[in-house]
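Every number in this text was worked out from the coordinates using simple rules, so none of it is lab data. If you're wondering where the values come from, they're calculated on a predicted model, not measured in any experiment. Cβ placement follows ideal geometry from the backbone for every residue including glycine, while neighbour counts extend to all protein chains displayed.
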Amino acid sequence: MIKKVSLVSSLCCLFCANAFAFDYSTQKWDFQLDADGMAGFLETKDDKPLGIFDWDVKASAIYHLNSTQRIGAVYSIDADCVEDDEYIHDAFVLFQDRTVGRVEFGLTHSIARKMGLGLPDVGYLRLNNKSILYRKLNLNKVLISDTTATTGHESLRLNLATISTDYGQYGLSIAGGGDDFDFAFDTAAKFKQPFGKLKAAYSIALSYMDKPHGYEENSYTPPVYADWRGQAALGLNLQYNSFVFGLSARLIYDNDPIGLTSDGLVAGTGLSYDFLQSSLSVNYLFSDTNLWTHRDKITGKEISGNYTNTVIASFRHKYSEHTSLFMSGGIADTTPFFAVGIKTGF
């Protein structure tokens, strides 16, 4: 049964969490440690208030080999990882040549996720990621939360990306060595037209995961067991003066799945507007899981699809260089919500 939350009782009172940054550089080395966060609660009609505490910490050490080349290491962790009993979001080494491109090796997201274009959201509820909105509202439904392709960040991965030029950027990823699948291969491209009053950016990504055996994309999706999983994602951002329009979609197909499935389609569109020190955005997301009717191999029953509509409007005011006030409201499935708060960081 879907849990319903009244608009009045679902007021989120969010307050600022501690934020800090440390940056130290020498002639050859750059060290950086930064963090930001927000905290608060979500109160529902039937439950006790649910706490919201979103934060992330990132540390990096970069050594400059010469004027164009550098090597380094990056480590990051965030609240979403810890809530899933994980303590690494990123842990990788890198090599970058400013005239050629970048190489990453370690635990991190694929090039398809990193180069994907999401929606122009000015709120801070992770609408373009594993949304804390869906996690906390507990819609009791399987849904695909965002429109950029992903194969997780828990397997050893090699990312290769060219430098970004006026003509475009290209990349590929190869991953394996984890417990969730045998191997994964991703490729992506991003193109932009940054000149004139109308600026545009486009992204396309293709992803293949071989033999997923317990791969779980989000806390609100079941583990995937299938012969293989394929994904395709498209993104478009258009900017005209202070307006930004976004359109993006992701298609997921699981071949010969077993048990509960979470493949399907997610598509979204949005519009944002900047004025003075403030921004407004309105976004719509449609998720349809089990787009292809499957039959459970164990029970023999057909598994029908289910869909979720999410509409969210957000307002953000830049209070200072590192601190913004925001409010967001909308409806996810049949659950209305309203959030206000402060986000700060460096």
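Numbers for the structure displayed
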{"item": "Of residues in segment 230-241 being in a strand (DSSP E or B), of a type outside the set (A, V, I, L, M, F, W, C) and touching a residue at least 40 places away in the same chain (Cβ under 8 Å), the one surrounded by the most Cβ atoms within 10 Å (Cβ to Cβ)", "result": "235"}
{"item": "Residues satisfying the stated conditions in segment 247-284, i.e. crowded, with 17+ Cβ neighbours inside 10 Å and in a loop (DSSP other than H, G, I, E, B)", "result": "257, 261, 262, 263"}
{"item": "Which numbered condition residue 54 fails, given (1) over 29 Å from residue 179 (Cα atoms); (2) within 16 Å of the chain's Cα centre (by Cα); (3) part of a strand (DSSP E or B); (4) not hydroxyl-bearing (Ser, Thr, Tyr)", "result": "(1)"}
{"item": "Residue tally, condition of a type in the set (Phe, Trp, Tyr) and surrounded by fewer than 16 Cβ atoms within 10 Å (Cβ to Cβ), over segment 186-228", "result": "3"}
{"item": "Which numbered condition residue 226 misses (of (1) under 17 Å from residue 152 (Cα atoms); (2) within 22 Å of the chain's Cα centre (by Cα); (3) among the small types (Gly, Ala, Ser))", "result": "(2)"}
{"item": "Any helices (runs of 4 or more DSSP H) falling wholly within segment 79-141 and containing at least 3 residues that are surrounded by 17 or more Cβ atoms within 10 Å (Cβ to Cβ) and touching a strand residue (DSSP E or B) at 6+ places or on another chain (Cβ under 7 Å)", "result": "111-115, 132-137"}
{"item": "Count - residues of segment 59-78 that are more than 18 Å from residue 91 (Cβ to Cβ), assigned to a strand (DSSP E or B) and polar (S, T, N, Q)", "result": "1"}
{"item": "Filter pass, residue 221 being under 16 Å from the mean Cα position of the chain (by Cα), within 15 Å of residue 113 (Cα to Cα) and of a type outside the set (Phe, Trp, Tyr)", "result": "no"}
{"item": "Segment 142-183, subset more than 19 Å from the chain's Cα centre (by Cα), assigned to a strand (DSSP E or B) and among the polar types (S, T, N, Q), residue farthest from residue 41 (Cα to Cα)", "result": "162"}
